[in-house]
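Okay, so here's the structure we're looking at.
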Amino acid sequence: MSAPKSPAKSPQNRSELSVTPMSEDISAWYNDVIARAELAERGPAKGTMVIRPYGYAIWELLQRQLDDRFKATGHQNAYFPLFIPESYLRREAEHVEGFAPELAVVTHGGGKELEEPLVVRPTSETVVGEMFAKWISSYRDLPILINAWNNVVRWELRPRMFLRTTEFLWQEGHTAHVDEADAMEETLRMFGVYDEFARNVAAIPMVRGEKTPGERFAGAKRTFTIEGMMRDGKALQSGTSHYLGTNFAHAFDITYQDEQNTLQHAHTTSWGMSTRMIGALILAHGDDRGLVLPPRLAPHQVVIVPIGRGDALGTTTAEAQRVAGLLREQGVRVEVDVRDQSPGFKFNDWELKGVPMRVELGPRDLEAGVVVLAQRVGDEDEDGRARKHTLSVAELVDGMQARLDAYHELLVARAEAYRDEHSARIDDLEAFDAQVAHGFAYALHCGEPTCEATIQERTRATPRCVPTEGPEESGACIACGAPSAYGRRVVFARAY
RNA sequence: CGGGAUGUAGCGCAGCUUGGCAGCGCGCCUCGUUCGGGACGAGGAGGUCGCAGGUUCAAAUCCUGCCAUCCCGACCA
């Protein structure tokens with residue numbers, strides 16, 4: 001009946017302060033990180049998500065980077081409606097078939113049953129097609145290059161924060177062109193934009209390639225994808241670009257008169273990247289201490305923690321603000337942490353939130369005219385703790401952009417090394433099973449859907465893509481022995 | 001839709017076997033002391049025990065039904 005001894009310092013209690021180790025349970029780790037880093041939380045309805053300010057700030061940075069690239073390649077933003085008449089979806093046979101199982105349908109409005117149900121957009125090819133048909137009549141109207149930032153709904157059986165939620169935010173590009181050559185050029189251009197963005201902004205080196213027929217977008221002739229490797233060796237499709245041929249042009253009557261006065265069908269494309277990319281950031285860079293953000297998408301690139309008590313704290317805080325101002329002049333995103341918490345708490349908190357650089361500024365530093373700098377990853381001592389470097393304020397300010405750039409490259413190199421260590425060319429089934437359990441397997445495949453299905457049944461691995469780069473090769477299918485297709489090895493992996 | 005689990009304070013949980021005042025830790029509020037790796041003391045606020053029935057003098061606890069969520073599989077950016 002005695003009161004339990006104070007558990008304030010017990011190991012159990014300490015573990016509550018940190019996230020589940022990734023190696024122990026990556027699923028629990030992922031959920032912990034999202035919660036503790038205050039990126040997002042679950043909404044009241046199944047599969048919905050509230051993106052909190054810190055998570056949304058990442059999305060805004062990502063949006064701006066992508067949007068600039070879209071504008072630079074001649075696209076204009078527009079908005080298309082959330083509600084789509086159900087009949088529209090049906091116009092493209094493969095398209096409906098692909099999306100039918102995950103549609104949310106509105107049957108009532110204003111208290112009355114609707115004459116025709118409205119589908120909540122799962123993607124906008126159909127409405128855009130309808131509008132393109134109106135806007136295009138001459139070859140002079142082409143190409144038409146549109147992008148839309150919006151939300152879409154796909155009724156998911158098994159939601160996962162950021163990776164697969166019922167509603168998600170994304171960008172969908174839609175373009176129409178005179179012929180296949182022009183449309184393919186666009187498809188590949190935006191494919192390239194995604195790949196470049198992933199590497200140069202998100203610091204994730206992608207495997208770029210084309211989807212096999214079974215994995216193609218519903219209604220597309222060709223689908224190109226960038227696939228990232230997550231810390232558990234699984235693949236994450238992070239952006240796709242589709243050549244739609246004249247499929248939607250036929251379904252929606254998107255026609256134009258060419259120079260010879262003959263009526264032609266336009267060739268269309270579409271391409272998208274979503275909030276799933278935030279999931280990719282978490283899973284590609286994170287570690288047991290939490291989030292690791294690439295500097296170009298980090299809401300705070302540098303956090304300054306003033307240290308001291310009483311009057312001293314006031315002085316170090318003032319100096320921290322001054323240094324922050326100098327860094328801002330260099331275009332650095334800086335936060336001065338003035339919360340009423342202990343320094344140790346703040347160090348751990350910002351590590352958990354993945355801030356690339358931390359600056360400590362205490363009375364001793366102030367005296368000496370220096371600051372202490374530590375970076376989130378890549379510079380640890382024997383205990384795995386970030387090394388602390390003392391440098392002058394001038395050194396800190398002048399060198400910060402270069403440090404952030406170097407840090408970005410470090411993350412890329414780290415992710416690249418990890419990916420390559422977990423990738424292998426595989427030529428027998430037994431090795432294949434072992435390989436896809438923890439990484440990517442490059443294997444020859446016959447391309448038969450039934451054969452793909454057999455592989456998936458046994459290993460849960462699917463063909464992620466046929467890489468765009470790499471040596472040409474052919475031989476016997478790894479699973480059935482039939483002659484290989486595609487002229488290249490196919491990347492197989494388990495996928496999110 | 002199959003398999004597993006859980007619903008008790010903002011969060012994490014105990015209490016249920018054997019019915020009897022609603023508990024603990026963290027967080028939150030106030031005051032004071034603290035501040036270079038997750039500070040401490042004192043005081044305080046906070047709960048229709050998932051929902052609906054039933055049994056009982058008495059239900060978080062026992063019985064019945066329902067609902068929701070999470071995890072594992074089949075579909076997906």
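The numbers here are math on the coordinates, done by the rules we state, and not lab data. Model, not experiment: these values are computed from the prediction. Every residue, glycine among them, receives a Cβ derived from its backbone with ideal geometry; neighbour counts consider all protein chains shown.
Between A:Thr450 and A:Thr262, the FRET efficiency from the beta-carbon distance, with R0 = 35 Å, is close to 0.25. Taking the Cα centre of chain A as reference, the dipole from Cβ charges on Lys and Arg (+1) and Asp and Glu (-1) amounts to some 1260 debye. Pairs of Cα atoms in segment A:26-285 fall into 10 Å distance bins, from 0 up to the last occupied one, in shares of 7, 29, 35, 21, 7, 1, 0 percent.
Evaluate Rg over Rh across segment A:351-496, taking Cα atoms for both radii and Kirkwood's formula for Rh. Result for segment A:351-496 is an Rg/Rh of 1.26.
At R0 = 30 Å, how high is the FRET efficiency between A:Asp379 and A:Ser342 if r is their beta carbon distance? Nearest 0.05 is fine.
On the way: r = 24 Å, r/R0 = 0.79.
It comes out at approximately 0.80.
With each label modelled as a point 7 angstrom along the Cα→C-beta vector, the A:Gln401-A:Ala181 pair spans 4.2 nm.
Rounded, prolate or oblate: which one fits segment A:257-317, using the alpha carbon gyration tensor with axes a ≥ b ≥ c (rounded when a/c is under 1.5, else prolate when a/b beats b/c, else oblate)? Let's see the in-between values first.
Numbers: a/c = 8.37, a/b = 3.10, b/c = 2.70.
In terms of gyration-tensor shape, prolate.
A convex hull fitted to the Cα coordinates of segment A:138-258 yields 135 cubic angstrom per residue.
In segment A:143-163, whose amide N lies under 20 Å from the spot 7 Å out along Cα-to-Cβ of A:Thr255? List them in ranges. Only A:143-144 pass the distance filter. Based on the alpha-carbon gyration tensor of segment A:206-261 and its eigenvalue square roots a ≥ b ≥ c, which shape applies: rounded if a/c is under 1.5, prolate if not and a/b is larger than b/c, or oblate? Here segment A:206-261 falls in the prolate category. Working note: 222 nm ellipticity from helices only, DSSP H runs with n ≥ 4, each -39,500 (n - 2.57), summed and divided by the residues of chain A, gives -11500 deg cm²/dmol to the nearest 500.
Give me the extension gain from A:Asn200 to A:Ala28: residue separation times 0.36 nm, minus the current Cα-Cα distance, reported in nm with one decimal.
Working: separation 172, 0.36 × 172 = 61.92 nm, distance 2.91 nm.
Full extension of this stretch gives 59.0 nm more.
Taking the three principal axes of the alpha carbon atoms in chain A, the coordinate ranges are 81, 57, 53 Å, sorted in descending order.
Summarised in one figure, the compactness ratio Rg/Rh of segment A:57-107, Cα atoms and Kirkwood Rh, is 1.14.
Within chain A, how many Lys pairs that are eight or more residues apart, or on different chains, come under 23 Å at the alpha-carbon?
Values: A:Lys9/A:Lys346; A:Lys211/A:Lys221; A:Lys211/A:Lys234; A:Lys346/A:Lys388; A:Lys353/A:Lys388.
Lysine pair count for chain A: 5.
In plain terms, the chain from A:Asp141 to A:Cys480 could stretch by 117.1 nm, reckoned as 0.36 nm per residue minus the Cα-Cα distance. Label positions at A:Ser18 and A:Glu472, each projected 7 Å from the Cα along the C-beta direction, are separated by 5.3 nm. For segment A:318-351, trypsin sites (Lys or Arg not before Pro) meeting the loop criterion (DSSP other than H, G, I, E, B) and having at most 14 other Cβ atoms within 10 Å: A:Arg339.
Taking 7 Å steps out from each Cα toward its Cβ at A:Leu391 and A:Val50 produces label points 4.0 nm apart.
Per-residue packing, averaged as other Cβ atoms within 10 Å, sorts the ranges A:108-119, A:396-407 into the order A:396-407, A:108-119, beginning with the highest. Here the gap between A:Leu188 and A:His438, fully extended at 0.36 nm per residue and compared with their Cα-Cα distance, gives a gain of 87.0 nm. In terms of its C-alpha gyration tensor, segment A:260-388 comes out prolate, because a/c is 1.5 or above and the ratio a/b outweighs b/c. Scattering from segment A:424-493 was approximated by placing one identical point on each alpha carbon and applying the Debye formula without solvent; log10 I(q)/I(0) at 0.11, 0.13 1/Å stands at -0.20, -0.28.
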